[in-house]
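Here's the structure we're looking at; comments come further down.
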Amino acid sequence: MGVELGKGDGGKPRERVEPLPQVRTDGALARTTPPPAPYEKREPSVPAQAEPARGVSPQALGLLTAAWTAGWIIAFANGVWWLGLVMLMVNGPLFGYVRHRGVPWAGGERRARRLERHRARALRHQGTPLQGPPAPQALPDPVSQAERALAGAVVRSETSGGRIDAESVELVREVDHLLRPMLAQLRTREADPQVRHDLETLAGEHLPRTVDDYLVLPDDYAHEHRTSAGTTPADELRSQLQLLVEGCRQLREAVLARDVDRQQQQSRFLESKFRKSDLDL
């Protein structure tokens with residue numbers, strides 16, 4: 001690349017642009033610049049959709065403009081010049097706002113923003129399982145609890161390793177033999193509330209507590225210690241179990257007597273309803 005000194009440039013060197021070299025191939029001139037890029041087909045661009053107009057319709061705008069114009073004309077005609085002047089001054093800004101934003105008190109824009117917020121919230125929570133209120137926990141069945149407590153007392157008395165004598169174990173078994181059928185009847189038929197309470201208390205509280213209170217005592221203390229009445233804890237256990245057996249028998253008699261009374265009432269009802277009188281021929 002050559003450099004020429006110009007006179008009109010204040011002595012500054014001026015670069016001289018040399019032409020690009022040309023290459024001759026087969027008698028024709030060839031360009032040394034790279035060939036243009038190949039044509040690539042592109043999809044036509046889709047114009048962005050215009051946002052829906054938030055203003056009022058042209059018909060509504062025309063009616064509103066006519067009413068507003070008539071208003072300030074009437075104000076001037078009746079001598080209320082200050083009202084007409086105010087209406088005339090705010091005419092342009094007011095209708096420009098209404099044309100683009102809508103009527104302020106219509107709440108269209110506010111309603112649209114609220115819908116957008118609801119839509120965005122729904123998209124954020126999409127796919128998240130809705131958690132309803134927790135299911136109420138089922139209350140434990142008192143009958144089942146009483147039956148389990150009764151069975152546990154029997155097992156503890158039978159596996160005490162001789163700490164409870166054979167006579168007391170037999171008394172525990174007799175209590176179980178009396179209570180278990182009556183507890184089973186509570187599942188299939190209605191019973192008197194007091195009878196139900198007595199059954200649950202005998203099976204779930206009295207018998208287990210009697211057995212457990214005795215088993216917490218050491219074996220030698222339970223058989224050798226004498227109370228002020230001259231009895232040992234083993235004797236006290238035996239007498240308590242006998243009282244429980246007697247209470248279960250009385251309860252069983254009361255339940256059976258009530259069943260017999262109910263049966264007799266049914267017999268009297270059937271006789272009065274279906275037995276023919278001697279006068280009926």
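The values are calculated or read from the model by the stated rules, or taken from the named source; none is laboratory data. Please read these numbers as outputs of a predicted model, since none were measured by experiment. Neighbour counts run over all protein chains shown; Cβ positions are idealised from the backbone, glycine included.
Descriptive notes on the structure:
- Exactly one residue among Leu207, Leu251 is in contact (Cβ under 8 Å) with a residue 12 or more places away in the chain and under 30 Å from Gly162 (Cα atoms), and that residue is Leu207.
- Qualifying position, being assigned by TED's automatic domain parsing to the domain that holds Arg258, assigned to a loop (DSSP other than H, G, I, E, B) and either at pLDDT 75 or above or of a type in the set (Asp, Glu) (or both), among Glu174, Glu200, Glu190: Glu190
- Picking from residues in the range 209-221 that are hydroxyl-bearing (Ser, Thr, Tyr) and surrounded by 13 or more Cβ atoms within 10 Å (Cβ to Cβ), the one that is farthest from Val175 (Cα to Cα) is Tyr214.
- Among the residues of the range 222-272, those that are surrounded by 10 or more Cβ atoms within 10 Å (Cβ to Cβ), part of a loop (DSSP other than H, G, I, E, B) and out of contact with any Pro (no Cβ under 9 Å at 6 or more places or on another chain) comprise Arg226, Thr231, Thr232.
- Residue match in the range 95-103 (condition: among the aliphatic types (A, V, I, L, M), at pLDDT 75 or above and either closer than 30 Å to Arg209 by Cα or out of contact with any Leu (no Cβ under 6 Å at 6 or more places or on another chain) (or both)): no
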